[in-house]
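Take a look at the structure set out below.
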Amino acid sequence: MKHPLHKLSLVHHSPVGTVDVKGNDLRQWAIQIFGKDVPVIPGRAYRVRLAVTTPIEGLCCWLRDDWARVLIPPGQTAATMQALARHRDGCVHLTDVTSVFAAFQVAGPRSRSVLEKLTPLDLRPSRFPDLACAQGSVAKVHALVLRHDLAGLPAYWLFVSRDCGEFVHETILHAGEEYGIVPFGDDAYDRLKRGFTDH
């Protein structure tokens, strides 16, 4: 029997730490923060590690040459903001926008089929590979869409305005009915994920 994560799933995650960084020289900023030369390529995300008291793993999504969005695990926002602020100069501005967004993850073999019903973004693998990101509409709601595959399965993160979160969640469930979409909460999802990676 296949592990449940092989099914199509929709996960409503707890508040994911979200920090907007804007400035004219984000490449130099990224070298200082992440300890490596991360190319500033709009539409791409990179796995990064912030060296604070306890290293924090996250993703840096480049939205424009002068705008990045750093995504970190729930509960790590304060430590991340402190780490980022230590390397801030006059041309870099930080904003904690965690409370602004609701975060969802659509994962599984038919995840792209579901989202293609709801967005005009071109999600074909040749145009939207793993760690691609883009802003666009999902269910006619403005969203940041990030592809971040899980154990070889296609998976997409969606960040939408929190006041639209319930509507987008229900719309995705409706769009995925024909594919047997299964909703999960954070705790159940984490248990499934651990079980998947342990085998």
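The values are calculated or read from the model by the stated rules, or taken from the named source; none is laboratory data. Please read these numbers as outputs of a predicted model, since none were measured by experiment. Backbone-built Cβ (ideal geometry, glycine too); neighbour counts: all protein chains shown.
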*asked:* Here is a list: Val168, Val160. Which entry is part of a helix (DSSP H, G or I), surrounded by 14 or more Cβ atoms within 10 Å (Cβ to Cβ) and modelled with pLDDT of 95 or more?
replied: Val168
_Members of segment 39-71 that are small (Gly, Ala, Ser) and surrounded by fewer than 19 Cβ atoms within 10 Å (Cβ to Cβ)_ = Gly43, Ala51
*Looking at segment 61-72, is at least one residue closer than 23 Å to Glu166 by Cα, in a helix (DSSP H, G or I), among the hydrophobic types (A, V, I, L, M, F, W, C) and touching a Gly at 6+ places or on another chain (Cβ under 9 Å)?*
no
*Would you point out the residue of segment 7-38, among those that are assigned to a loop (DSSP other than H, G, I, E, B), surrounded by 17 or more Cβ atoms within 10 Å (Cβ to Cβ) and touching a residue at least 24 places away in the same chain (Cβ under 8 Å), that is nearest to the chain's Cα centre (by Cα)?*
Val16
_The conditions are (1) surrounded by fewer than 21 Cβ atoms within 10 Å (Cβ to Cβ); (2) touching a residue at least 24 places away in the same chain (Cβ under 8 Å); (3) in contact with a strand residue (DSSP E or B) (Cβ under 9 Å, 6 or more places away or on another chain); (4) within 20 Å of Gly23 (Cα to Cα), and Cys133 fails exactly one of them. Which is it?_
(1)
*Tell me, which residue of segment 83-138 that is assigned to a helix (DSSP H, G or I) and among the aliphatic types (A, V, I, L, M) is farthest from the chain's Cα centre (by Cα)?*
Ala85
*Report, ordered by the first and then the second residue, all pairs with beta carbons closer than 8 Å, sequence separation of six or more or different chains, a first member in segment 109-130 that is modelled with pLDDT of 95 or more, and a second member that is acidic (Asp, Glu) and not in a helix (DSSP H, G or I).*
Phe128/Asp122; Asp130/Asp149
*Of the numbered conditions (1) modelled with pLDDT under 90; (2) surrounded by fewer than 15 Cβ atoms within 10 Å (Cβ to Cβ), His142 satisfies every one except a single condition; which is it?*
(1)
